[in-house]
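Okay, structure first, notes after.
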Amino acid sequence: MQTLDNEIKLNQIRQGVIVDAEGEAWFAGLEAAEQKSVLYQLNYICMQAGPTPADVLPAIERAGLKPTFTPCVMLQNGKLREASSRALQLPSAEYLKLFRLLMALFKIADQRRRELCGAHCRHWWHQDLSNEEILVSIREQH
């Protein structure tokens, strides 16, 4: 259940149901091992959204990070999936930067994916995650 709750929370942050500052505070309040677990989950759903190398610089800007920060440099160089997987091995001092970067990348990529889904999208993560009835339904089905 924890995994689903985290995935819902990450998608609520992506949708803006949870504002970025609140999402970052939630993440920062987790123990390092839980942060790492959330980063793995965020990386997975981010890569499922289909980011491209061209999305990295706008994500860095959106996240308010310096392009010279280690996670930013890593994602700007090499294949995106491999680079993001390597970034997951960074020390815990880099976790918040990586969280901000992956969340921004997720938002950019998923916006494009959502447009492809169209009006009849049935993905639970594209539903209105501010609606408690929808959240109950998601939890019951998954």
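Using only Cα atoms, find the angle between the long axis of helix 2-15 and the longest principal axis of the chain, and express it within 0 to 90 degrees, rounded to the nearest 10.
Here the helix axis deviates by roughly 80 degrees.
Suppose every K and R has +1 on its Cβ and every D and E has -1 on its Cβ; what is the size of the dipole of the chain about the Cα centre, in Debye to the nearest 20?
580
Report the trypsin sites (Lys or Arg not before Pro) located in the range 78-142 that are in a DSSP loop and have at most 14 other Cβ atoms inside 10 Å of their Cβ, or state none.
79, 122
When ligands, DNA and RNA are left out and all protein chains stay put, how many square angstrom of accessible area per residue does the chain have with a 1.4 Å probe?
Normalised by residue count, the accessible surface of the chain is 54 Å².
Counting only protein heavy atoms and a 1.4 Å probe, tell me what percentage of the chain's accessible area is made up of carbon and sulfur.
51
Across all directions of projection, what mean area in square nanometres is found for the Cα convex hull of the range 20-66?
The orientation-averaged projected area of the Cα hull of the range 20-66 comes to 3.8 nm².
Say the dipole of the chain comes from +1 at the beta carbon of Lys and Arg and -1 at that of Asp and Glu; which of 56, 101, 141 then lies farthest toward its positive end?
Farthest along the dipole direction, towards plus: 56.
Would you check the accessible area of residue 130, probe 1.4 Å, heavy atoms only, in square angstrom rounded to 10?
Answer for residue 130: close to 70 Å² accessible.
Can you pull a Stokes-Einstein diffusion coefficient for the range 39-141 at 20 °C (1.002 mPa s), Rh from Kirkwood over Cα pairs, as a whole number of µm²/s?
Result for D is 147 µm²/s.
Report, in degrees rounded to the nearest 10, the 0 to 90 angle that the Cα long axis of helix 132-141 makes with the longest principal axis of the chain.
Between helix and principal axis, roughly 80 degrees.
Considering the chain, which cysteines have no disulfide-compatible partner, defined as another cysteine with its Cβ under 4.7 Å away?
Taking the Cβ cut-off of 4.7 Å, the unpaired cysteines of the chain are 46, 72.
May I ask for the net charge around residue 110, where only other residues with Cβ less than 12 Å from the Cβ of residue 110 are counted and Lys, Arg are +1 while Asp, Glu are -1?
Net charge around residue 110: +3.
Explain nothing, just the number: relative contact order of the chain, from Cα pairs under 8 Å at least 6 residues apart, as a whole percent.
Once normalised by length, the contact order is 32 percent.
Given a Förster distance of 30 angstrom, what is the FRET efficiency for residue 127 paired with residue 85, based on the Cβ-Cβ distance and rounded to 0.05?
0.55
The values are calculated or read from the model by the stated rules, or taken from the named source; none is laboratory data. Since we're looking at a predicted model, the values are computed, not measured. Neighbour counts run over all protein chains shown; Cβ positions are idealised from the backbone, glycine included. Ligands, DNA and RNA are stripped out before the accessible areas are found, and what is left, the full protein with its side chains, is counted by its heavy atoms. Shrake-Rupley method; radii C 1.70, N 1.55, O 1.52, S 1.80 Å.
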